[in-house]
Amino acid sequence: MLLAVPGCLLIVTGALHRMGLRINLSSSEPIGVYQMRSFGTIGDLRNGDLVVFCPDMTHEQFPFIAKGHCPTGIAPLLKHVAGLPGDTVTETDEGVAVNGKAMALSKSKAYSMAYHLPLPRWRGTHTLQQNEIWVYGAGDPADSFDSRYFGPVQAESILAIANQESR
């Protein structure tokens, strides 16, 4: 009986994947089923959009990130767009501000809670270039692993735009 459940989950997950749907089980964004749509250019994005992307990091560096099909061997991340090309992002010990507006619960942590590993801490002021966005885990911002730790996301790493399915 125990072996049947994982097998069924793999079949269901595979079927959803072929339909352009993904399941998010991370608390950094609302848990649920998301419809993927193709990503064209950064000009198609708006603040608040959800994007799926492959950050430039490995599971060995950050074991709390699931293994997956990104080129570095991790699973793609799902995050909200919080900054677009031309926006100025400032990251300090107090948190993040985009164009001077402070983001709620954006103070980064020094260590991952589950693994007690030191986390990278992106700091400074940066105006996002034409091929960059800033992402934020708005579902659980205090514990989300997002641009506060790895900086801007490059356009070429964006796989899709996501919309949560409501049924």
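The values are calculated or read from the model by the stated rules, or taken from the named source; none is laboratory data. What you see is a predicted model, and the numbers here were worked out from it, not measured in a lab. Please note: Cβ atoms are built from the backbone with ideal geometry, for glycine as well, and neighbour counts cover all protein chains shown.
Which of the numbered conditions does Ala114 fail, given that it passes all the others? Conditions: (1) assigned to a loop (DSSP other than H, G, I, E, B); (2) without any contact (Cβ under 8 Å) to a residue 40 or more places away in the chain.
Ala114 satisfies all of (1) assigned to a loop (DSSP other than H, G, I, E, B); (2) without any contact (Cβ under 8 Å) to a residue 40 or more places away in the chain except (2).
Please enumerate the residues belonging to segment 88-104 that are within 27 Å of Pro63 (Cα to Cα) and either among the basic types (Lys, Arg) or part of a strand (DSSP E or B) (or both).
Within segment 88-104, Glu91, Thr92, Gly95, Val96 meet the criteria.
Is there a residue being touching a helix residue (DSSP H, G or I) at 6+ places or on another chain (Cβ under 7 Å) and of a type in the set (A, V, I, L, M, F, W, C) anywhere in segment 55-62?
Yes, because at least one residue in segment 55-62 is touching a helix residue (DSSP H, G or I) at 6+ places or on another chain (Cβ under 7 Å) and of a type in the set (A, V, I, L, M, F, W, C).
Could you say whether any residue in segment 108-124 is within 18 Å of Ser157 (Cβ to Cβ), of a type in the set (Phe, Trp, Tyr) and modelled with pLDDT under 90?
Within segment 108-124 (the criterion being within 18 Å of Ser157 (Cβ to Cβ), of a type in the set (Phe, Trp, Tyr) and modelled with pLDDT under 90), the answer is yes, since at least one residue qualifies.
One line per residue, one yes/no per condition, for (1) surrounded by 13 or more Cβ atoms within 10 Å (Cβ to Cβ); (2) part of a loop (DSSP other than H, G, I, E, B); (3) touching a residue at least 24 places away in the same chain (Cβ under 8 Å); (4) aromatic (Phe, Trp, Tyr):
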| site | (1), (2), (3), (4) |
| --- | --- |
| Gly48 | no, yes, yes, no |
| Asp56 | yes, yes, yes, no |
| His80 | yes, no, yes, no |
| Gly86 | no, yes, yes, no |
| Ser106 | yes, yes, yes, no |
| His126 | yes, no, yes, no |
| Val135 | yes, no, yes, no |
| Arg148 | yes, no, yes, no |
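Among (1) surrounded by 14 or more Cβ atoms within 10 Å (Cβ to Cβ); (2) touching a residue at least 40 places away in the same chain (Cβ under 8 Å); (3) within 27 Å of Tyr34 (Cβ to Cβ), which single condition is Glu91 missing?
Of (1) surrounded by 14 or more Cβ atoms within 10 Å (Cβ to Cβ); (2) touching a residue at least 40 places away in the same chain (Cβ under 8 Å); (3) within 27 Å of Tyr34 (Cβ to Cβ), only one is false for Glu91: (3).
Being in contact with a Ser or Thr (Cβ under 9 Å, 6 or more places away or on another chain) and either small (Gly, Ala, Ser) or within 15 Å of Met36 (Cβ to Cβ) (or both) is the filter here; which residues of segment 55-69 pass it?
Answer for segment 55-69, where residues must be in contact with a Ser or Thr (Cβ under 9 Å, 6 or more places away or on another chain) and either small (Gly, Ala, Ser) or within 15 Å of Met36 (Cβ to Cβ) (or both): just Ala66.
Of the residues that make up segment 94-106, is at least one closer than 20 Å to Glu156 by Cβ and at pLDDT 90 or above?
No, segment 94-106 contains no residue that is closer than 20 Å to Glu156 by Cβ and at pLDDT 90 or above.
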